[in-house]
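The values are calculated or read from the model by the stated rules, or taken from the named source; none is laboratory data. In this text, all values refer to a predicted model and were calculated from it rather than measured experimentally. Note that each Cβ is placed from the backbone with ideal geometry, even for glycine, and that neighbours are counted across all protein chains shown.
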Amino acid sequence: MTRQNYFDILNRMEFDPQRELKNLMDLLKMERNFKSNYYETSLNSAISRNFLDYSNRSTFTSYSQMVEFIDSNIYNTTEPLFVFSELLVDIFNNLLGKFTEKEWQFIQVIFDNITRFLELSNHELITLDNGNRIIVEKNVYASEVSQILSETNIQEAIKVLEYNHFSNKGDIQRKKEILITLANYLEPLRKELNNSEELKEVFKVNNQKIIAFEKLFEMYNNFGLRHNNAKQYHLDMTNEKLEQWYDDIYTSSLFVILSLDEARILSELTFLREE
């Protein structure tokens, strides 16, 4: 058996949320000569010292009180790490001018840790239109669709990515709201999609309409998302089953929006051929 070197072992390291949370806690508690060569302090104490200047503290009067409250409202193994990371990122960015240069150098170590374990867990930080930064699961198709939507509406673009936020798991109402946004975006483009001769060469067609696209609008209309057609497929479903369908409709929506871009590419290819 070939011996593994140090880099092989690191590259094979799997995501462990409990280990990563402990690492963050340890970094925050580490004492360094941040302010003086004569005494040591920690980032925890720096945050606590400036906490009342933190604009997103709600009515909490101490950093420890806020962390305790957040921790008491989390019930799975991964969420504590992500929520705590979102909190730290927000605090550090919100209190930008409150930390010394040496403290900022150490804060960068924490940011590096967060970046690394997000890579391991296939997640990323995104910025919402209100400036808040949240952690979402990486989805290459969602990122592409977000780019397309951002050309016309940045808020809709952000919602596409927000669908994958870990806190939305089980939140059927929020997922429904995002799907309605996608349906409203696609509705005016429905005719354009079905009129694309390039796409008709790729997809199955019935009565001059592309079947895959029409099926998506059927799902919008029959799963309580839009027109509430007489026959609603979801009425007797469990929440778990309905959420799975919503996730499938989300994936189908991404596929159709990407098809718009594909139609443009194929149209340009046809133009080049005819030159």
Of the residues in region 126-146, how many are outside any strand (DSSP E or B) and surrounded by 19 or more Cβ atoms within 10 Å (Cβ to Cβ)?
4
Of all residues being within 20 Å of Ile114 (Cβ to Cβ) and without any contact (Cβ under 8 Å) to a residue 24 or more places away in the chain in region 31-50, which is farthest from the chain's Cα centre (by Cα)? Just the residue, please.
Ser42
Residue by residue through region 223-262, note down the ones that are assigned to a helix (DSSP H, G or I) and among the polar types (S, T, N, Q).
Asn239, Gln244, Thr251, Ser252, Ser253, Ser259
Pick from Leu199, Leu149, Leu193: which is over 23 Å from Val89 (Cβ atoms), in contact with a helix residue (DSSP H, G or I) (Cβ under 6 Å, 6 or more places away or on another chain) and outside the structural domain of Gln244 (by TED's automatic domain parsing)?
Leu149
Take Met1 and decide whether it is farther than 30 Å from Gly131 by Cβ, hydrophobic (A, V, I, L, M, F, W, C) and either modelled with pLDDT of 75 or more or surrounded by 11 or more Cβ atoms within 10 Å (Cβ to Cβ) (or both).
no
Taking region 152-190 and keeping only residues that are polar (S, T, N, Q) and touching a helix residue (DSSP H, G or I) at 6+ places or on another chain (Cβ under 8 Å), one is left with Asn153, Asn164, Ser167, Asn168, Thr181
Is it the case that Asn207 is polar (S, T, N, Q) and out of contact with any helix residue (DSSP H, G or I) (no Cβ under 8 Å at 6 or more places or on another chain)?
yes
Looking only at residues that are surrounded by 14 or more Cβ atoms within 10 Å (Cβ to Cβ) and of a type in the set (S, T, N, Q) in region 147-205, which one is modelled with the highest pLDDT?
Thr181
Taking region 90-125 as the search range and keeping residues that are within 18 Å of the chain's Cα centre (by Cα) and crowded, with 19+ Cβ neighbours inside 10 Å, which one is nearest to Ile154 (Cα to Cα)?
His123
Out of all the residues in region 94-113, is one or more under 29 Å from Gly170 (Cβ atoms), touching a strand residue (DSSP E or B) at 6+ places or on another chain (Cβ under 9 Å) and not aromatic (Phe, Trp, Tyr)?
no
Within region 158-173, how many residues turn out to be under 23 Å from Ser121 (Cα atoms) and part of a helix (DSSP H, G or I)?
8
In region 66-95, what count of residues is obtained for those that are of a type outside the set (D, E, K, R), part of a helix (DSSP H, G or I) and at pLDDT 90 or above?
15
Looking only at region 174-222, which residues are assigned to a loop (DSSP other than H, G, I, E, B) and of a type in the set (Phe, Trp, Tyr)?
Phe203
Within region 96-124, residues under 17 Å from Lys138 (Cα atoms), in contact (Cβ under 8 Å) with a residue 40 or more places away in the chain and not in a loop (DSSP other than H, G, I, E, B) come out as Ile114, Phe117, Leu120, His123
Out of Leu10, Leu27, Leu52, Leu21, report the one residue that is of a type outside the set (Gly, Ala, Ser), within 22 Å of Lys138 (Cα to Cα), in a helix (DSSP H, G or I) and at pLDDT 90 or above.
Leu21
Looking for something over 29 Å from Glu119 (Cα atoms), in contact (Cβ under 8 Å) with a residue 60 or more places away in the chain, among the hydrophobic types (A, V, I, L, M, F, W, C) and surrounded by 20 or more Cβ atoms within 10 Å (Cβ to Cβ) - is there at least one such residue anywhere in region 212-232?
no
Take Glu243 and decide whether it is surrounded by 15 or more Cβ atoms within 10 Å (Cβ to Cβ), more than 24 Å from Pro188 (Cα to Cα) and of a type in the set (D, E, K, R).
yes
